[in-house]
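Note sheet for the following structure.
The values are calculated or read from the model by the stated rules, or taken from the named source; none is laboratory data. Please read all numbers here as calculations on a predicted model, not as lab measurements. Counting neighbours? That spans all protein chains shown, and the Cβs are built from the backbone with ideal geometry, glycine included. Calculation scope for accessible area: heavy atoms of the full protein, side chains included, ligands and nucleic acids excluded. Shrake-Rupley method; radii C 1.70, N 1.55, O 1.52, S 1.80 Å.
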Amino acid sequence: MNNPIQTSQTLRRVVIAGGTRVPFCRSNTAYAELTNLDMLADTLQQLSSKFGLAGKKIDEVLAGAVTSHSKDWNLAREAVLSTDLSPATPGITLQMACGTSLQAALMSAARIATGQIECAIAAGTDTTSDAPIVFKRKFARRLIKLGQARTFKARLRAFKGFSLGELAPQAPANGEPRTRLSMGEHCELMAQEWGITRQEQDQLALESHLKAAAAYEAGFFDELVSAYQGVSRDNNIRADSSLEKLSALKPAFDRETGTLSAGNSTPLTDGAAAVLLCSEEYAHANNLPIQAYLSAGRSSAIDFVHGEGLLMAPTVAVSEMLQQNNLSLQDFDCYEIHEAFAAQALCTLKAWEDDAFCRDKLGLSQALGSIDRNRMNIKGGSLAFGHPFAATGARILGSLAAILEEKGSGRGLISICTAGGMGVAAIVERP
């Protein structure tokens, strides 16, 4: 009989040594000619250079992309092999939509905490500039049959009944397969359900841009964001934004009565981010900084197909995580609430304040309550930085650890919504 996997008797603390990322750029701008592999490999190399990891074997690199080509089936491993990390470092590719790199961090953190591994890198990359364009299934099947053909007659049969219309490319669909609605259309329904106004959304978007611009000017991102391809900061940030400019934009998803616009929704974005995690013993042995600790996490899903709000799953993930850790929603010094849309973040906050929702959906005796908005996304959010889907979690995790290091101590909460009606939450602490 095989011996069971041996783990440590008590859970170890998981160190966030730090993170790095390239500036995020609107799709089809600065990174238009780059691939997911290009950006992920370069970001991992930047992380290696930052922490002196050249030639070192990292126990695992977990990374992924949402918009990917079939040729990138081994994305994480190929990225590792494109860096100066030891080629003995395993690369594991995963995908959980917008929660990909935070989920990667939680999975590696669990293995570090239980003593199975000592160190890991969690990362994500995404580009919609290099979106996979494929042929429709009928023509694709013809090409497969053509490849299998061994005679000239068999090749001719592969194209029997062929029409030029089959050559029309099939671009990736920006919508949920189960509902055929885009994320923006789903979020419009959420905004209507929760009574989120256009003015509220534009105000949150404005705050996101102004905070992000101020953080750059203060030098907060000097150690977090590395210049790349001639770009030194995220090119979506609008320091000169105003409510007047935002309110002048037309609705983007519901042209008649909608409240979501290009200004209060994240744009399609290219970029990559990575975070180094390890045990305290590994950090001390390798002279790595201890910015903060990743202490808890939770994933969740809701039934958006039958009417629940597509992007409301973080309300569940956060609630369950708080209960598991005997914490209240107010027990945090800062909150990183992913802003896929201003309306989505505002719906989440409103749901936590709602007695009926917290009772009927979360199974609580009372509402979780409100948070201090002055503690939310204090260095800016996704509305300003942009949102390369799989990279956002690592971006937020790296920034939150740096925020807590800057503060000297504290506890932070992360909440990320994802496509497919899922959510990921985490707690980061610095004693």
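So with the 1.4 Å probe, I'd like the accessible area per residue for segment 207-253, rounded to whole Å².
55
To the nearest 500 deg cm²/dmol, what mean residue ellipticity at 222 nm is calculated for the chain from DSSP H runs of n ≥ 4 alone, each contributing -39,500 (n - 2.57), summed and divided by the residues?
-10500 deg cm²/dmol, from helical runs alone.
Please find, in a Gaussian network model of the chain (springs between Cα atoms separated by less than 10 Å), the residue of Thr100, Thr83, Thr114 whose mean-square fluctuation is greatest.
Thr114
What is the Cα centroid distance between segment 138-160 and segment 235-310, reported in whole angstrom?
Distance between centres, Cα-based: 45 Å.
Indicate, rounded to the nearest 5 percent, the antiparallel portion of the DSSP beta bridges found entirely in the chain. Before the final figure, lay out the partial values.
Details: 41 of 56 bridges.
Close to 75 percent.
Going by a 4.7 Å Cβ-Cβ cut-off, which cysteines of the chain have no partner at all?
Those would be Cys25, Cys98, Cys187, Cys334, Cys347, Cys358, Cys417, since no other cysteine Cβ in the chain comes under 4.7 Å of theirs.
Report ³J(HN,Hα) in whole Hz for each residue of segment 71-86, in order, from the Karplus equation J = 6.51 cos²θ - 1.76 cosθ + 1.60 where θ = phi - 60°; Gly and Pro get x.
5, 9, 4, 10, 3, 4, 5, 5, 5, 4, 5, 9, 10, 8, 5, 4
Is there a quick way to get the dipole size of the chain? I mean about its Cα centre, with the Cβ of Lys and Arg at +1 and of Asp and Glu at -1; what is the value in debye to the nearest 20?
My answer is approximately 2200 debye.
Where Rh is the Kirkwood radius over the Cα pairs of the chain, the temperature 25 °C and the viscosity 0.890 mPa s, what D in µm²/s does Stokes-Einstein return?
It diffuses with D of about 109 µm²/s by this estimate.
Using r as the Cβ-Cβ distance of Leu243 and Lys145, and R0 as 45 Å, what FRET efficiency do you calculate, to the nearest 0.05?
0.15
Over segment 323-431, with the other protein chains present, what is the accessible area per residue in square angstrom, probe 1.4 angstrom? Write out the running numbers ahead of the final one.
Details: 3440 Å² over 109 residues.
For segment 323-431, the per-residue accessible area is 32 Å².
Once you list every other residue whose beta carbon is under 15 Å from the beta carbon of Leu94, what net charge do they have if Lys and Arg are +1 and Asp and Glu are -1?
Summing Lys/Arg as +1 and Asp/Glu as -1 gives -2.
Under the Kirkwood approximation for Rh and a Cα-based Rg, what ratio Rg/Rh is obtained for segment 169-300?
Using Cα coordinates only, the ratio equals 1.06.
Counting only protein heavy atoms, what percent of the accessible surface of segment 312-431 is carbon or sulfur at a 1.4 Å probe?
39
Determine the share of segment 80-153's accessible area contributed by carbon and sulfur atoms, expressed in whole percent, with a 1.4 angstrom probe.
60
Return one whole number: the accessible area per residue of segment 50-115 in Å², for a 1.4 Å probe.
Each residue of segment 50-115 exposes 37 Å² on average to a 1.4 Å probe.
Can you compute the modelled spin-label distance between Gln116 and Lys138, with each label point 7 Å from Cα toward Cβ, in nm?
About 4.7 nm, to one decimal.
Which value, in debye to the nearest 20, describes the size of the charge dipole of segment 278-388 about its Cα centre when Lys and Arg Cβ atoms bear +1, Asp and Glu Cβ atoms bear -1, and nothing else is charged?
Working: 7 positive and 14 negative charges, 40 e Å.
Roughly 200 debye, rounded to the nearest 20.
Of the heavy-atom accessible surface of segment 196-297 (probe 1.4 angstrom), what whole percent is carbon and sulfur?
Percent of accessible area from carbon and sulfur atoms in segment 196-297: 51.
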